[in-house]
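Here the structure is laid out as structure tokens; the discussion comes afterwards.
The values are calculated or read from the model by the stated rules, or taken from the named source; none is laboratory data. Note that this is a predicted model, so its numbers are computed, not measured. Cβ placement follows ideal geometry from the backbone for every residue including glycine, while neighbour counts extend to all protein chains displayed.
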Amino acid sequence: MIPERIIHTSELTKDYGSFRAVDRLNCRVRAERITGFLGRNGAGKSSTIKMLLGMIRPTSGSGTLLGYRIDDPKQSIEIRRRLAYVGEDKGLYGYMTVAELIRFTRSFYNDWQPDVERRLLDEYRLPPSRKVKALSKGMRTKLALLLALSRRPALLILDEPTEGLDPVSIEQLLQTLVCAPSNGTSVFFSSHQLSEVERIADDILMIDRGVAVLDMSLEQIRENYRRISLGFSTPAPVLESICGIETMRRDGRQITILASSNAESIAQLGRERGAVDINVSPVNLREIFLETVQDHNRQDQHMHPEREDALV
Amino acid sequence: MLWYKSFRELRTITLVGIAAMAVACVFIVMYQQTMRDHADAPMTYIAYIWKSVYNSIGRDLFVILSIILGSGSLLQERAHGTAGFTLALPVSRRNIVFTRAIVGYLGVVVIGSVPVVVLPIASRYVGQSYPVLQAVGFAALWAAAGAVFYGFSFLLSHYYEGDYISVLVAVPALMLYGVLLTLARAAQLHMVNIFGILNGEDMPFFNETQHLLVAPLPWLTLLLLLCVSVTFVYFASRHIQPRDF
């Protein structure tokens with residue numbers, strides 16, 4: 001039986017020497033949902049995924065995937081038997097032909113669906129007799145996706161799946177992913193294409209510098225997140241931070257607030273402080289991502305001034 | 001199917017090794033008359049074959065090919081960007097390491113067995129004969145001694161990531177081992193001389209005058225050599241278990 005929380009990490013940490021890639025990450029990914037895993041380059045997404053797959057060992061903390069412990073080598077094999085994974089680099093054996101690699105991969109799994117394999121082979125126009133090393137980057141990505149999507153796994157983990165794909169293939173992939181939960185497959189995918197994530201994801205897990213900065217359903221985000229602009233006739237006053245304010249920027253006579261909840265109370269506070277122009281508008285995922293990551297950077301630089309990373 | 005993957009990875013180098021060994025043997029046999037005529041002292045055909053195949057060209061080629069066959073691991077896969085795909089398969093790292101080790105070692109055995117087939121056939125073609133049993137005996141010596149060179153290179157390839165770094169480390173290490181064998185104390189310990197076991201030189205089971213294997217092979221020593229190789233593979237596996245990829 002698949003647990004309700006398909007991925008569960010507790011204080012999961014990964015250090016590479018003195019560099020902390022993942023910092024006490026606590027997350028819970030729901031089953032039969034599509035979860036978008038967001039973060040900047042080097043935010044710790046790939047390290048987290050690799051820990052989930054047993055490719056790297058956590059420095060501390062723990063995690064389970066499909067109910068199996070990720071730090072136990074035997075249970076890790078069970079995890080990999082039940083999930084399909086497409087890595088960031090899409091590295092496949094160049095010395096095999098497309099057909100050989102499909103045959104090779106198929107032999108490890110009982111949930112292989114030959115009809116899906118044939119359909120994808122046709123859709124992606126992959127030449128079965130061509131060596132993998134002779135394929136273009138986009139074709140290699142398609143082959144990696146075929147190897148993952150020709151199964152019916154409990155969980156599909158995709159690291160930048162649309163990178164290198166043409167628009168038609170991206171569309172086909174997104175359609176496939178949207179249908180996956182109805183077949184009992186949960187999807188956990190990382191992407192920098194926020195518009196794609198916003199189109200298909202049910203839940204969003206956002207990390208920055210290895211720390212979870214947002215873990216919420218997209219529906220909740222759409223319902224609750226608001227941008228509130230307060231215009232004043234005199235220089236903007238300092239507003240106290242109240243519940244729901246994620247980021248606040250003061251610029252002359254203007255205050256711009258990103259609120260994760262409580263938008264009405266925040267607008268009311270602005271009114272009480274003399275705001276003459278109040279504008280409450282919905283925000284998209286891209287804005288939330290940029291605001292959250294930038295704010296986290298500011299806080300981080302304030303706490304660790306020795307870090308010189310530029311803001312996004 | 002991990003067997004198939006290892007087979008495909010090693011197929012080219014194994015086939016090239018088989019071809020190179022076969023060509024070397026044929027070349028040695030075909031030019032036997034010329035070479036023997038130009039030798040410092042007259043020698044029998046059997047002695048010529050021993051000196052050329054089992055004590056120089058063939059042996060050196062075999063050692064180098066054994067080392068090259070041993071040079072491949074998950075670290076090299078990481079360098080090629082395929083380690084992620086391999087490690088996402090539902091198999092243990094131990095399984096991956098041992099499968100590769102066994103398939104590679106079979107390649108060593110096959111290359112070491114090439115003279116068994118080529119020498120008797122090519123000898124007949126030039127009107128000479130070389131006993132098949134002698135060739136089989138040397139193949140057994142090569143299989144056991146080659147396992148050590150192979151295992152050593154295999155272990156090194158689990159420590160060094162570059163494609164042929166393990167070869168570049170193994171060759172001088174074995175040259176150093178060869179130098180150490182010339183030291184007086186080591187020279188007395190025949191059975192630690194793996195190069196001697198390869199060609200039989202100075203060994204009690206080899207007749208230096210006839211250049212033939214004359215006594216039963218040192219099976220216990222050969223078994224020990226295989227155990228040494230297995231130990232190398234075991235440590236390679238242990239080293240790769242906790243590594244991050």
(request) Being loosely packed, with under 15 Cβ neighbours inside 10 Å and within 14 Å of chain A (Cβ to nearest Cβ) narrows it down to one of B:ARG238, B:ARG243, so name that one. (result) B:ARG238
(request) Scan region B:79-102 for residues that are within 14 Å of chain A (Cβ to nearest Cβ) and not in a loop (DSSP other than H, G, I, E, B) and report the count. (result) 14
(request) Kindly indicate whether A:ARG106 is within 12 Å of chain B (Cβ to nearest Cβ), of a type outside the set (Gly, Ala, Ser) and either under 22 Å from A:ILE6 (Cα atoms) or in contact with a strand residue (DSSP E or B) (Cβ under 9 Å, 6 or more places away or on another chain) (or both). (result) yes
(message) Among the numbered criteria (1) crowded, with 20+ Cβ neighbours inside 10 Å; (2) of a type in the set (Gly, Ala, Ser); (3) within 20 Å of the chain's Cα centre (by Cα), which one does A:GLY164 miss?
(response) (1)
(message) Can you find, within region A:71-103, the residue that is farthest from the other protein chains (Cβ to nearest Cβ) among those that are surrounded by 22 or more Cβ atoms within 10 Å (Cβ to Cβ) and assigned to a loop (DSSP other than H, G, I, E, B)?
(response) A:LYS90
(message) Against the definition (of a type in the set (A, V, I, L, M) and surrounded by fewer than 18 Cβ atoms within 10 Å (Cβ to Cβ)), how does B:LEU174 come out, yes or no?
(response) no
(message) Suppose we filter A:TYR68, A:TYR124 for residues that are closer than 30 Å to A:ASP15 by Cβ, of a type in the set (Phe, Trp, Tyr) and either more than 11 Å from chain B (Cβ to nearest Cβ) or within 26 Å of the chain's Cα centre (by Cα) (or both); which single one remains?
(response) A:TYR68
(request) Scan region A:142-181 residue by residue and report those that are more than 24 Å from A:GLY42 (Cβ to Cβ), of a type in the set (D, E, K, R) and in a strand (DSSP E or B). (result) A:ARG151
(message) For a quick check of your reading: which helices (runs of 4 or more DSSP H) sit entirely within region B:1-78 and have at least 3 residues that are surrounded by 22 or more Cβ atoms within 10 Å (Cβ to Cβ)?
(response) B:2-30, B:57-70
(message) Name the single residue that is nearest to the chain's Cα centre (by Cα) among those in region A:182-221 being of a type in the set (S, T, N, Q) and either within 22 Å of A:ARG40 (Cα to Cα) or surrounded by fewer than 20 Cβ atoms within 10 Å (Cβ to Cβ) (or both).
(response) A:SER190
(request) Please enumerate the residues belonging to region B:108-134 that are within 15 Å of the chain's Cα centre (by Cα) and surrounded by fewer than 23 Cβ atoms within 10 Å (Cβ to Cβ). (result) B:VAL109, B:VAL110, B:SER113, B:VAL116
(message) For the structure I just gave you, tell me whether A:LEU230 is under 23 Å from the mean Cα position of the chain (by Cα), aliphatic (A, V, I, L, M), assigned to a strand (DSSP E or B) and at pLDDT 90 or above.
(response) no
(message) Six or more apart or on different chains, Cβ atoms under 6 Å: show the pairs whose first residue is in region A:104-118 and at pLDDT 95 or above and whose second is among the aromatic types (Phe, Trp, Tyr).
(response) A:ARG106/A:TRP112
(request) Please work out which residue is nearest to A:ILE157 (Cα to Cα), limiting yourself to region A:14-29 and to residues that are within 13 Å of chain B (Cβ to nearest Cβ) and charged (D, E, K, R). (result) A:LYS14
(message) Please count how many residues of region A:122-137 are part of a helix (DSSP H, G or I), at pLDDT below 95 and in contact with a helix residue (DSSP H, G or I) (Cβ under 8 Å, 6 or more places away or on another chain).
(response) 1
(message) Can you report the number of residues in region B:171-206 which are assigned to a helix (DSSP H, G or I), modelled with pLDDT of 85 or more and within 17 Å of the chain's Cα centre (by Cα)?
(response) 13
